[in-house]
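The values are calculated or read from the model by the stated rules, or taken from the named source; none is laboratory data. Please read these numbers as outputs of a predicted model, since none were measured by experiment. Ideal geometry is used to build each Cβ from the backbone, glycine not excepted, and the neighbour counts take in all protein chains shown.
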Amino acid sequence: MPGKSGKSPRQPVLGSPTDVLDPYLPHNGNLGYRISRYDLELEYKVASNRLEGTATLTATSHIHLRRFSLDLANTLNVTRIAVDDKRVRYSHRNHKLTITLATPIPPGAAMTIVVRYTGSPRPIRGAWGEVGWEELTDGALCANQPNGAASWFPCDDHPIAKAPYRISITTDSPYYALANGVLESKRVRAAQTTWVYHQVEPMPTYLASIQIGQYRKETLATKPIPVDAIYPPRLKHDFGHDFGRQIEMIEAFVEMFGPYPFPRYSVVITDDPLDIPIEAQSFSTFGANHCDGTRDAERLIAHELAHQWFGNSVTLARWRDIWLHEGFACYAEWLWSQRSGGRSADEWARHYYAKLAAAPVRVPLADPTPRRMFDDWVYKRGAITLHALRLTIGDGNFFALLQRWTEKYRYGSVTTEDFIALAANYSSIPLHDLWQRWLFTPALPPYPGPS
């Protein structure tokens, strides 16, 4: 059983000959190579939901490579593929773009893959609903988690396959276009505007995103980092109230979790309602229903911001470890609640412990199964697990551990075993029993600490 030995497994490097795909999403990801950069040239027509794209992928072969695949939805039509400036044969079936090379690529060699494609992008339907490119009433957004990136660009869709991006998006001039990273240029030509963004820090495919709408941009702060708000003008008043503590929240999380990991942060409010906010690297997206003047969505604002540390910078290497994202972001909600004068983290932990006790589950937190990995109990039990750890090792060690976690694995990929190994350095007593009870045993343990 995981956790018994206390040993941390060798971290996989997707693309190596010994690697395997994630059993939670066995049809996503590709072996034999590793992409080191994405360069996406996109043109999008809002009225017709028409996308034209050229994706230039820089990659390195890990084996003698004659044939390899990319993830790409069948709703997009590929018009041309070249590898190192030579046209190649390909097939496109079952969301896989399979490329056959006339001359094999030797192990360790670099290659440049250029894919031209067009079509009307649509979300990918799966066990977690529809994910990926989504039309709005007057615009579009991308919500890729966990397997929606292939709905709008060819990719190696696995969370460990992180890379820098350059995203150029051309759309009609009345629209604001946002993508991950820093805006490098904006060029207006006739009725169209081209926006070019660079995401230098490596990013997994599921966090790549584009948001398009008739928005205005407001700069909220320049320190400790630049912070922007992008929203429909009609929501200006409510935004000022609902997101009024955004900067204070960033300052609190920097104090708790360490330096913010990216050059800037943006919050986007769509003109449409959204069921849940959307996480992306360097920005978060909320629906108009989250900006209604009540400030009821502040816990969600804290949750999405915390993902910049836990999920975006420090990213799971396998989907079974989703608690490393959602449990940490949920606990950040409780920490912000206490910091801002609301319920304490302990009060929230006790509140949700009672709810978990009333609805027991039969799978462990460290392996919740693909069907249940986004269930609310994963978020709440993950947060209570962190609270149990905090009560065991004390506040000083707990927050020192979080800061070391975000520092040591900054822009990297992690497993539950990595966290267990690091936490051992911040405890004067063995933590094996705590992990066994909270991570690897389905039954809910007694509430941590004094009752």
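Brief remarks on what is shown
- For segment 177-204, residues that are among the charged types (D, E, K, R) and either in contact (Cβ under 8 Å) with a residue 24 or more places away in the chain or out of contact with any strand residue (DSSP E or B) (no Cβ under 6 Å at 6 or more places or on another chain) (or both) total 2.
- Residue that is farthest from Trp334 (Cα to Cα) [pool: residues in segment 381-423 that are of a type in the set (Gly, Ala, Ser), in a helix (DSSP H, G or I) and in contact (Cβ under 8 Å) with a residue 40 or more places away in the chain]: Ala421
Residue-by-condition table, conditions (1) touching a helix residue (DSSP H, G or I) at 6+ places or on another chain (Cβ under 6 Å); (2) in a loop (DSSP other than H, G, I, E, B); (3) among the aliphatic types (A, V, I, L, M); (4) within 23 Å of Glu201 (Cα to Cα):
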site: Ser36; (1), (2), (3), (4): no, no, no, yes
site: Leu42; (1), (2), (3), (4): no, no, yes, yes
site: Ser48; (1), (2), (3), (4): no, yes, no, no
site: Glu52; (1), (2), (3), (4): no, no, no, no
site: Arg66; (1), (2), (3), (4): no, no, no, no
site: Thr118; (1), (2), (3), (4): no, no, no, no
site: Glu135; (1), (2), (3), (4): no, no, no, no
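- Inclusion of Ala349 among residues that are in contact with a strand residue (DSSP E or B) (Cβ under 7 Å, 6 or more places away or on another chain), crowded, with 21+ Cβ neighbours inside 10 Å, small (Gly, Ala, Ser) and in a helix (DSSP H, G or I) is not warranted.
- Qualifying residue in segment 191-201 (condition: among the charged types (D, E, K, R), at pLDDT 95 or above and over 15 Å from the mean Cα position of the chain (by Cα)): no
- Sole exception among (1) in a strand (DSSP E or B); (2) β-branched (Val, Ile, Thr); (3) touching a strand residue (DSSP E or B) at 6+ places or on another chain (Cβ under 7 Å) for Ile160, by number: (1)
- Test: residue in segment 28-37 that is β-branched (Val, Ile, Thr), modelled with pLDDT of 95 or more and over 27 Å from the mean Cα position of the chain (by Cα): no
- From the list Ala288, Ala302, Ala297, the lone residue that is outside the structural domain of Thr137 (by TED's automatic domain parsing) and surrounded by 23 or more Cβ atoms within 10 Å (Cβ to Cβ) is Ala302.
- In the condition set (1) surrounded by fewer than 21 Cβ atoms within 10 Å (Cβ to Cβ); (2) under 29 Å from Glu248 (Cα atoms), Ala332 is compliant with all but (1).
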